[in-house]
1. Can you confirm whether residue 65 is touching a helix residue (DSSP H, G or I) at 6+ places or on another chain (Cβ under 7 Å) and modelled with pLDDT under 90?
2. Which numbered condition trips up residue 111, out of (1) in a loop (DSSP other than H, G, I, E, B); (2) modelled with pLDDT of 90 or more?
3. Residue 50 - would you say it is assigned to a helix (DSSP H, G or I) and touching a residue at least 24 places away in the same chain (Cβ under 8 Å)?
4. With the structure loaded, tell me whether residue 76 is surrounded by fewer than 18 Cβ atoms within 10 Å (Cβ to Cβ), more than 20 Å from the chain's Cα centre (by Cα) and in a helix (DSSP H, G or I) or whether it fails that test.
5. Here are the criteria: (1) over 25 Å from residue 23 (Cα atoms); (2) at pLDDT below 60; (3) exposed (fewer than 15 other Cβ atoms within 10 Å of the Cβ). Tell me which single one residue 137 does not satisfy.
6. Would it be correct to say that residue 63 is surrounded by 13 or more Cβ atoms within 10 Å (Cβ to Cβ) and either touching a strand residue (DSSP E or B) at 6+ places or on another chain (Cβ under 8 Å) or farther than 22 Å from residue 11 by Cα (or both)?
7. Identify, from the list 103, 130, 43, 48, the residue that is farther than 24 Å from residue 11 by Cα, modelled with pLDDT under 90 and either surrounded by fewer than 15 Cβ atoms within 10 Å (Cβ to Cβ) or within 23 Å of the chain's Cα centre (by Cα) (or both).
8. So is residue 87 out of contact with any helix residue (DSSP H, G or I) (no Cβ under 9 Å at 6 or more places or on another chain), modelled with pLDDT of 85 or more and surrounded by 12 or more Cβ atoms within 10 Å (Cβ to Cβ) or not?
């Protein structure tokens, strides 16, 4: 099971963000960043590409190898940290952290949270026998410690 952070906006609804490595960022790179509206990151990549293309001569093999290794390293950092940057982007757009949920995918995480959230903390959700959310969850805006102790399981 994967862990998802659930964010809620008063008018835009719920969003779930997977914790950790982003495979979509790995496979789709800049297109994933555009889809997630990470404009500053996209601008940095395009700017760095332009600067590197202008500075490194086309026939300098070692410089091209170093530049390519640098871009690969940056790409790996985006994959590792991209979901966290997306969480920050959501918060800057008015989304508030609600809870961490364990589920197989984003759709299941959102459905589980919506179902448990409707229970208002009363009893089991019926989805795998997980405990319901505490009644204070609707005003919870702090991120979890990362040890999984406050996550719900779908």
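The values are calculated or read from the model by the stated rules, or taken from the named source; none is laboratory data. The shown structure was predicted, so the numbers you read here are calculated from the model rather than taken from an experiment. Here the Cβ positions follow ideal geometry from the backbone for every residue, glycine too, while neighbour counts run over all protein chains shown.
1. Spelling it out, it is not the case that residue 65 is touching a helix residue (DSSP H, G or I) at 6+ places or on another chain (Cβ under 7 Å) and modelled with pLDDT under 90.
2. Result: residue 111 passes all but (1).
3. Considered against the rule, which asks whether it is assigned to a helix (DSSP H, G or I) and touching a residue at least 24 places away in the same chain (Cβ under 8 Å), residue 50 comes out as no.
4. So residue 76 does not fit the description; no.
5. Just one mismatch for residue 137, condition (3).
6. yes
7. 48
8. Here the answer is yes, as residue 87 does meet what is asked.
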